[in-house]
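Enquirer: Here it is: the structure, laid out below.
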């Protein structure tokens, strides 16, 4: 196993990234998202909690006037060693058409395509978003803080 592969499988790195995500200023997350999606959409608000698996976004599509609000509650990646699936448990929007789209994807496991060149990175994200017991998460935060 190579250094990169070992590093990406490290529980310490996963815990560090979770703490870093909690401490990242919202303005930075919104700014980076807007740079990446320039000409497609503009985020005005993003809230997320990786531990609780919740997210809220307020985004305006390019050329549109009204923002779309989307709230996600319960998302995770299931599987291991290259056979991963993403599942979204609950989602809601302020737009009826978006609720119709969300109703078609909520509760279904979506295969994440195997990409051998990104195997380690996909595994890292899967470990980051796997469901954990609440007590274990608090222990993780306490370990990092110590």
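Enquirer: Residue 139: closer than 21 Å to residue 50 by Cβ, at pLDDT below 80 and in a helix (DSSP H, G or I), yes or no? Spell out the reasoning first.
Expert: Values: closer than 21 Å to residue 50 by Cβ: yes; at pLDDT below 80: yes; in a helix (DSSP H, G or I): yes.
The answer is yes for residue 139.
Enquirer: Another question, if that's okay. Looking at segment 40-62, which of its residues are farther than 30 Å from residue 19 by Cβ, loosely packed, with under 13 Cβ neighbours inside 10 Å and either modelled with pLDDT under 95 or touching a strand residue (DSSP E or B) at 6+ places or on another chain (Cβ under 7 Å) (or both)? Outline the logic, then answer.
Expert: Initially, segment 40-62 is screened for residues farther than 30 Å from residue 19 by Cβ, giving 40, 60-62.
Restricting the remaining residues to those that are loosely packed, with under 13 Cβ neighbours inside 10 Å gives 40, 62.
Result: 62, single match.
The values are calculated or read from the model by the stated rules, or taken from the named source; none is laboratory data. Here the structure is a predicted model, which is why all the values come from computation and not from measurement. Note that we place each Cβ from the backbone using ideal geometry, even for glycine, and neighbour counts take in every protein chain shown.
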